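Asker: Below are the structure tokens for one structure; questions will follow.
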Amino acid sequence: MDGVNEELLYILDKKTGKRRAATDSEIAAKLPKLTPQDRVPIPKLEQFTSSLPSTGKRVRSHAKRIQNVVERGSHAAKLFLKYADKFKVSFSIEDLTPLVPLESVQEDLSAMQEEDYPYQAWNKQVDGRTVSDLQDLQAEQARIFNDGLSENQLKRYHEVVQTFAAHKQPHIKYKNRRHLMTSDNPRVMRYEVDDDAEDDEHLSPARERCGTYHLVHAWTQVGNLKKGLFASDALTGSGTSLAATGIYYKETQDIFLYISAMFHEIYPETYSKYKEAFEAGAWMQEDPGVFLGRVIVYKLQVHPHLDRGDDGPSVSFPCGYYDGGCMMIPQLKAKFLYCPGSICMFEAYRIYHAVSRWAPMVMEEQDVLTPGRISTVLFSPKNSVEMLKGKPPGWGKRTDFGRWQALV
């Protein structure tokens, strides 16, 4: 991965004369100010795309609709488990658990950035399974099956998330190295717009705010376990911000019911544990579960990191219009195609991972949505799962996580 802009992260201390880590306010002071033109725009849509398949049969019953979505997700996961490629390695997941220096991981990752690097380096197991092989099959018009998200699901999610971001503009945490961009202004993503139909070479520069949203029903403050559980600020907010969060959850329910059904098939025991914690700690009823946390990474690069604090496997998926963005697992020397529609499930708290550098596509004059990569990560914090164990459904919101003693 390209190195982050170190000049943004450090500053010369006037008192000691030594270089030290800059505070968020000191980093912000170095950056160009945001302008109204940088705001995420509201997509000009008459209505959101339906996330359901075009079967021609309309399901009027809400319960039946949910059942259909869950059945489709479960069926997709069963097909994946039955037919997906499997690779064997000479070590177990436990062998990767002892932490290795991040610098070592970054060195492995640098070597993997080469275009001719194999998509995984496990002897002959890669034969017939590379991106080139897939492209050859597509050229032959072979039938390709996708067990991930459908085009309709992706389009709806992109529409809803950009609308959400327009009403709740994204912010970046400057010292979070997993997302800090290499540019001189990491608060915006730069892209180009083809706004001249008669001149294909005429491209106008544009910018859009980027950042992250940590929507977590129940988590603990860093270093303050004794203070108990809290809903994240991004989840609650106030006024239009709170309304935007509720609408975002409601308008993407089908998609996350589908993903949860897949997770149930692939990790049944973990699903049951997450479900118990979610039912006890869920703060917003519009979220169908079963994960306590959801992070939206809005048009930021993703550098090597571990998702420390997760209780178990997490789920992630990308959407948007961009080039690049492979899933990189340096400890496995593995590089996976990770395009819109892909769903990734693994123990991200144990294995270093990153996303190779991506670039937004050119926005055409008729496009409604802006380009760039949006990823969403579903997880449940370990501390939260442990604290919610044995608690009844609705306990967190009804008692403010046990603070109202008369209601406990």
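Asker: How do E286, E140 rank by accessible surface area computed with a 1.4 Å probe, from largest to smallest?
Answerer: On the way: E286 50, E140 135 Å².
From most accessible down to least: E140, E286.
Asker: Out of the DSSP beta bridges found with both residues in the chain, what percent are antiparallel (nearest 5)?
Answerer: Numbers: 47 of 49 bridges.
Taking every DSSP beta bridge with both residues in the chain, the antiparallel ones total about 95 percent.
Asker: Send over a whole-number figure in Å² for the accessible area per residue of the chain, probe 1.4 Å. Display every interim value, and only then the final one.
Answerer: On the way: 22020 Å² over 408 residues.
That works out to 54 Å² for each residue.
Asker: For the chain, what does the helix formula give at 222 nm: sum of -39500 (n - 2.57) over DSSP H segments with n ≥ 4, over the residue count, nearest 500 deg cm²/dmol? Write down the numbers at each step before the final one.
Answerer: Values: 12 runs with 126 residues, N = 408.
Here the helix-only value at 222 nm equals -9000 deg cm²/dmol.
Asker: Taking the Cα-to-Cβ direction at Q366 and at H214 and moving 7 Å from each Cα, how far apart do the two end points lie in nm?
Answerer: A separation of 4.3 nm, rounded to one decimal place.
Asker: Moving on. If you count only protein heavy atoms and use a 1.4 Å probe, how large is the accessible surface of Y191, to the nearest 10 Å²?
Answerer: Roughly 30 Å² of Y191 is accessible to a 1.4 Å probe.
Asker: Pull out a ≥ b ≥ c, the square roots of the eigenvalues of the alpha-carbon gyration tensor of region 322-398, then state rounded if a/c is under 1.5, prolate if not and a/b is larger than b/c, and oblate in the remaining case. Don't skip to the answer; put the middle values down first.
Answerer: Values: a/c = 4.19, a/b = 1.59, b/c = 2.64.
It is oblate, given that a/c is not under 1.5 and a/b is not larger than b/c.
Asker: Going by accessible area, probe 1.4 Å, with all protein chains left in place, what is the ranking of K18, K168, K299, K275, largest first?
Answerer: On the way: K18 140, K168 25, K299 0, K275 75 Å².
The ordering from most to least exposed comes out as K18, K275, K168, K299.
Asker: Given the whole protein assembly as supplied and a 1.4 Å probe, what does the accessible area of L369 come to in Å², nearest 10?
Answerer: Accessible area of L369: about 10 Å².
Asker: Where the centre of each part is set by its Cα atoms, how far does region 377-396 sit from region 210-243, in angstrom?
Answerer: 14 Å
Asker: How much accessible area does L34 have with a 1.4 Å probe, in Å² rounded to the nearest 10?
Answerer: The accessible area comes out at roughly 60 Å².
Asker: OK, next. In whole Hz and in residue order, list the ³J(HN,Hα) couplings for region 364-376 that follow from phi through the Karplus curve 6.51 cos²θ - 1.76 cosθ + 1.60, θ = phi - 60°; x for Gly and Pro.
Answerer: Computed from phi, the couplings for region 364-376 are 7, 4, 8, 5, 8, 9, 6, x, x, 9, 10, 10, 10 Hz.
Asker: If you take Rg/Rh (Cα atoms, Kirkwood Rh) from the coordinates, which of (1) 1.22; (2) 0.99; (3) 0.96 do you get?
Answerer: So the calculated entry is the one marked (3).
Asker: Hey, which of these cross-link pairs are over 31 Å Cα-Cα: K82/K273; K15/K227; K15/K299; K30/K333; K33/K335?
Answerer: Working: K82/K273 25 Å; K15/K227 35 Å; K15/K299 37 Å; K30/K333 37 Å; K33/K335 37 Å.
Flagged as over cut-off: K15/K227; K15/K299; K30/K333; K33/K335.
The values are calculated or read from the model by the stated rules, or taken from the named source; none is laboratory data. Here the structure is a predicted model, which is why all the values come from computation and not from measurement. Backbone-built Cβ (ideal geometry, glycine too); neighbour counts: all protein chains shown. Only protein heavy atoms, including side chains, enter the accessible area calculation; ligands, DNA and RNA are left aside. Shrake-Rupley method; radii C 1.70, N 1.55, O 1.52, S 1.80 Å.
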